[in-house]
Amino acid sequence: MLYQLYELNYNAAQPLRFFAQALQAALKNPFFPGGQSEMGRLIGASAEMIERSTRRFAKPPFDLDSTNIAGERVTVCEEIALTKPFCQLRHFVRAIERDDPRVLIVAPLSGHHATLLRGTVKALLPHHDCYVTDWTDARHVPISAGPFGFDDYVNYLIEFLRFLGPNTHILAVCQPAVPVMAAVSLLAAANDPAQPPTMTLMGGPIDTRAAATAVTRLAESRPISWFENSVIHTVPLNYAGAGRRVYPGFIQLTGFMQMNLDRHMDAHVKLFKHLIRGDGESADATKRFYDEYLAVLDLPSEFYLETVESVFQKQLLPRGLMRVNGELIEPRAIRKTALLTVEGELDDISAPGQTLAAHELCSALKPSQKSHLLQSGVGHYGIFNGKRWRNEIMPVVRDWIRQYDKGHSEVPEADLPGAEQNRARSANRAA
């Protein structure tokens, strides 16, 4: 009933939202008297805050229509390479012929849309042929498509790697670290030609016993029946997925906000003040962030519950007990896929140590096939977005992928910014 009540409240608030929109439009009209006065800006700011608080934020676009390669602007076009009931494999096609490494970027299925990785993709585009898993909001998937559990997630990844073909690198951001390792382990055990040359795991819960966080403590403090009875609800009749059991996005968002409630409240107070002062640039920056942050999707109940139980409660992968499709997952079978792990010093979602645990599990890899980066001064989001990601983390990821990509041994100097070009020339001269 909770989902139905949420829909009822949302619909009941629409007249207020429409009024707030109309009031904003009137105050912005240059012919409206007093619209830009101090009182007018106060009323307008209040109306905008009301409108945003009663709005349902839709999935934002990637908006990556170009990139910069070797100092030249190159057009980028989005294409759907493969469509599955619960996911679209999205390809960012660059209008230039380059033999760059092909990378499958696995976005988390944990509440936010794949567009949360916009900054991740944007930084990688100049150097890689990028594909992204764009997960579908479960409330839009008809119940006739069947359930979607942890095994299905792993099967999707294997299918995507086989579809893209040999020499496809894989990069997991946060939650997908475990299913990505499971998929690569299965491919390795079968000596499948689709084994990726590299596997990059960024801020993922490989072994949650390594470092406790608020997320792990919540998962361990309740039986799985509590999660099923408390946060799993049925999609209402006004959606294509009517009748499907899901972990609703609005409940997830409540949890996200509560983890850093003071920070979010302070951000909205500042937004209100920026709107009153007419500081559009600062206000727009805050709104862009929250337009993305507040856009959430519903998770299939099977996948959510199985992930909570197997990853956060029982830690099946590091204990050597995880099975997918009945087959035991053995990371020690991985011999051809070089491993890079990335953690953030201040990460309070997947704390340092959780992702590093992958190195011990991939025991058959040589020391030269494994590398770890603990990035100072960044939290969970900063691992894959922002200045530190672009300037310090991405170059490590890029170089690691090129090192193991067939036919590539180094980054072309033309792709590097000035300072990096100088270092590359010096290294080449020394060699």
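The values are calculated or read from the model by the stated rules, or taken from the named source; none is laboratory data. None of the values given here were measured: they were computed from a predicted structure. When we count neighbours, we look across all protein chains shown, and the Cβ atoms used for this are built from the backbone with ideal geometry, even at glycine.
Select from the stretch 43-59 the residues that are under 27 Å from the mean Cα position of the chain (by Cα) and among the polar types (S, T, N, Q) and write down the one among them that is surrounded by the most Cβ atoms within 10 Å (Cβ to Cβ).
T54
Only one residue in G34, G40 is more than 30 Å from D151 (Cα to Cα), of a type in the set (G, A, S) and surrounded by 14 or more Cβ atoms within 10 Å (Cβ to Cβ). Which one?
Values: G34 fails: surrounded by 14 or more Cβ atoms within 10 Å (Cβ to Cβ).
Unique residue meeting the criteria: G40.
Test of understanding: among V308, V269, V246, which residue is in the same structural domain as P108 (by TED's automatic domain parsing) and either in a helix (DSSP H, G or I) or not acidic (D, E) (or both)? Spell out how you get there, then give the answer.
Details: V269 fails: in the same structural domain as P108 (by TED's automatic domain parsing); V246 fails: in the same structural domain as P108 (by TED's automatic domain parsing).
On inspection, the qualifying residue turns out to be V308.
Considering the stretch 366-399 alone, what residues qualify as being of a type in the set (A, V, I, L, M, F, W, C) and under 16 Å from T200 (Cα atoms)?
Applying the first criterion (of a type in the set (A, V, I, L, M, F, W, C)) to the stretch 366-399 yields 373-374, 378, 383-384, 389, 393-394, 396-397.
Correct list: L373, L374, I383, F384, W389, I393, M394, V396, V397.
Considering only residues of the stretch 132-189 that are of a type in the set (V, I, T) and in a loop (DSSP other than H, G, I, E, B), which is farthest from A351 (Cα to Cα)? So that I can check it myself, show each step before the final result.
We begin by selecting, within the stretch 132-189, every residue of a type in the set (V, I, T); these are 132-133, 136, 141, 143, 154, 158, 168, 170, 173, 178, 180, 184.
Next, only the ones that are in a loop (DSSP other than H, G, I, E, B) stay: 136, 141.
Working: T136: 28, V141: 33 Å.
Filtering the stretch 132-189 for residues that are of a type in the set (V, I, T) and in a loop (DSSP other than H, G, I, E, B), the one farthest from A351 (Cα to Cα) comes out as V141.
Report yes if some residue within the stretch 220-231 is of a type in the set (G, A, S), in contact with a Lys or Arg (Cβ under 6 Å, 6 or more places away or on another chain) and not assigned by TED's automatic domain parsing to the domain that holds R402; otherwise report no.
Checked the stretch 220-231: no residue is of a type in the set (G, A, S), in contact with a Lys or Arg (Cβ under 6 Å, 6 or more places away or on another chain) and not assigned by TED's automatic domain parsing to the domain that holds R402.
What about V215, is it touching a residue at least 40 places away in the same chain (Cβ under 8 Å), crowded, with 24+ Cβ neighbours inside 10 Å and among the aliphatic types (A, V, I, L, M)?
It is false that V215 is touching a residue at least 40 places away in the same chain (Cβ under 8 Å), crowded, with 24+ Cβ neighbours inside 10 Å and among the aliphatic types (A, V, I, L, M).
Within the stretch 67-108, how many residues are in contact with a Ser or Thr (Cβ under 8 Å, 6 or more places away or on another chain), of a type in the set (A, V, I, L, M) and part of a loop (DSSP other than H, G, I, E, B)?
2
Residues in the stretch 363-406 that are in a loop (DSSP other than H, G, I, E, B) and touching a residue at least 60 places away in the same chain (Cβ under 8 Å): how many?
Step one: of the stretch 363-406, the residues in a loop (DSSP other than H, G, I, E, B) are 363-366, 376-380, 384-386, 405-406.
After this cut, where a residue has to be touching a residue at least 60 places away in the same chain (Cβ under 8 Å) as well, the list is 380, 384-386, 405-406.
Final tally of qualifying residues: 6.
Specify the residue that is farthest from K59 (Cα to Cα); the eligible residues are those in the stretch 241-261 that are modelled with pLDDT of 85 or more and exposed (fewer than 14 other Cβ atoms within 10 Å of the Cβ). Break it down stepwise before answering.
We begin by selecting, within the stretch 241-261, every residue modelled with pLDDT of 85 or more; these are 241-251.
Still in the running and exposed (fewer than 14 other Cβ atoms within 10 Å of the Cβ): 242-243.
Numbers: A242: 20, G243: 22 Å.
The extreme case among them is G243.
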